[in-house]
Amino acid sequence: MLTDLGQMWADFTTAIQSLGLLKGALFVLFFFAIWFLPAIIALFRNRRHLGRIFVANIPAIVSWVAWLALIVWAFTGERKRDGGENSGRADADKPAA
């Protein structure tokens, strides 16, 4: 099995080397866009836990289950509150005396 893995790695590196600089750069950009898709979704959907999703996304590449869970979290997580002057205060809904 390790010899098959070694052969696959050799074939992969040969294919990457034959891409050229522009195609190789586009491949790397595409790879990172897919890898960090949960963080990108969380960014555009204004999620409160964007930082946590981004950090959890780094090791999630080795597990499709974890990566898919991050996709779900990015779509269903809480939105950030409006940045008004009263945001975060318990008495924000009460009128000023």
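Out of the residues in the range 18-52 that are on the phi < 0 side of the Ramachandran plot and small (Gly, Ala, Ser), state the one that is modelled with the highest pLDDT.
Taking the range 18-52 and keeping what is on the phi < 0 side of the Ramachandran plot, we get 18-19, 21-45, 47-52.
Still in the list and also small (Gly, Ala, Ser): 18, 24-25, 33, 39, 42, 51.
On the way: Ser18: 88, Gly24: 84, Ala25: 88, Ala33: 94, Ala39: 91, Ala42: 91, Gly51: 90.
Restricting to residues being on the phi < 0 side of the Ramachandran plot and small (Gly, Ala, Ser), the top hit is Ala33.
Please pick out the residue among Ile16, Ile41 that is in contact with a Lys or Arg (Cβ under 9 Å, 6 or more places away or on another chain) and among the hydrophobic types (A, V, I, L, M, F, W, C). Spell out the reasoning first.
Numbers: Ile16 fails: in contact with a Lys or Arg (Cβ under 9 Å, 6 or more places away or on another chain).
Of the residues listed, the single one that is in contact with a Lys or Arg (Cβ under 9 Å, 6 or more places away or on another chain) and among the hydrophobic types (A, V, I, L, M, F, W, C) is Ile41.
From the list Ala39, Ala15, the lone residue that is free of Cβ contacts under 8 Å to residues at least 24 places away in the same chain, out of contact with any strand residue (DSSP E or B) (no Cβ under 9 Å at 6 or more places or on another chain) and of a type in the set (Gly, Ala, Ser) is Ala15.
Give me a count of the residues in the range 67-80 that are surrounded by fewer than 15 Cβ atoms within 10 Å (Cβ to Cβ) and either touching a Lys or Arg at 6+ places or on another chain (Cβ under 7 Å) or hydrophobic (A, V, I, L, M, F, W, C) (or both).
Narrowing the range 67-80 to residues surrounded by fewer than 15 Cβ atoms within 10 Å (Cβ to Cβ): 68-69, 72, 75-76, 78-80.
Filter once more, so that each one left must be either touching a Lys or Arg at 6+ places or on another chain (Cβ under 7 Å) or hydrophobic (A, V, I, L, M, F, W, C) (or both): 68-69, 72, 75, 78-80.
Of the residues in the range 67-80, 7 are surrounded by fewer than 15 Cβ atoms within 10 Å (Cβ to Cβ) and either touching a Lys or Arg at 6+ places or on another chain (Cβ under 7 Å) or hydrophobic (A, V, I, L, M, F, W, C) (or both).
Filter the helices (runs of 4 or more DSSP H) completely within the range 1-63 down to those with at least 3 residues that are small (Gly, Ala, Ser).
Numbers: elements: 2-17, 21-35, 37-44, 50-57.
The qualifying helices (runs of 4 or more DSSP H) are 2-17, 21-35.
Cβ-Cβ contacts under 7 Å between residues 6 or more apart (or on different chains), taken from a first residue in the range 57-84 that is more than 15 Å from Ala33 (Cα to Cα) and at pLDDT below 90 to a second residue that is among the polar types (S, T, N, Q) and part of a loop (DSSP other than H, G, I, E, B), are listed as Arg79/Asn46; Lys80/Asn46; Arg81/Ser87.
The values are calculated or read from the model by the stated rules, or taken from the named source; none is laboratory data. Keep in mind it's a predicted model, so treat the numbers as computed, not measured. Glycine gets a Cβ as well: all are built from the backbone with ideal geometry, and neighbour counts include every protein chain shown.
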